[in-house]
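Some notes on the structure that comes next.
Values in this text are rule-based calculations from the coordinates and carry no lab data. What you are looking at is a predicted structure, and each value in this text was computed from that prediction instead of being measured. Cβ atoms come from the backbone with ideal geometry, glycine included; neighbour counts cover every protein chain shown.
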Amino acid sequence: MPIDATQPYDDQNIFAKILRGEIPNRTVYEDEWALAFHDINPQAPEHVLVIPKGAYVCWDDFSAKASDAEIAGFVRAVGHVARTMGLVEPGYRLLANTGLDAHQEVPHLHVHIFGGKPLGPMLMR
């Protein structure tokens, strides 16, 4: 069910539990700013989620409240994961849903990295 991105951070969401080690994951990368792991319901041959370690509901929340170091660290982590996975060539897609209209399902900022095949057009009219 989509979430309202204007709501306060819920520390019981699945990604918060993953960050606390309460739920296992298949980690791809971790540093002080971010955790990247395989999606449990992949939508492409390569489908990894990258989440910041801070408590941010969505991109809007993160861009307004995160420190410069957190923002730089998170963006660098996303790029590092894509490069490490060999997705820069032939290409990959990044997706971050925010709010109800975008169908955001987990109230913790996360970026999907999709790759491993031609992905087709972004949106259908």
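Could you please report the charge total around TRP33, scoring K, R as +1 and D, E as -1 over all other residues with beta-carbon less than 11 angstrom from its beta-carbon? My count for the surroundings of TRP33 gives -2.
Quick check: net charge around ASP68, other residues with Cβ under 15 Å of its Cβ, Lys/Arg +1 and Asp/Glu -1? List each step's numbers first, then the result.
On the way: positive: LYS65, ARG76; negative: GLU32, GLU70.
With Lys, Arg at +1 and Asp, Glu at -1, the neighbours total 0.
In sequence order, the stretch 68-76 has phi-based couplings of 4, 5, 5, 5, 4, x, 5, 4, 5 Hz under the Karplus curve 6.51 cos²θ - 1.76 cosθ + 1.60, θ = phi - 60°, and Gly or Pro positions carry x. How many nm is it between the label spots at TYR29 and ALA102, if each spot is 7 Å from the Cα in line with the beta carbon? In this crude label model, TYR29 to ALA102 measures out at 2.0 nm. Residues whose amide H falls under 5 Å from that of TYR92, counting only those 5 or more places apart or on a different chain, are absent, with hydrogens built in the peptide plane.
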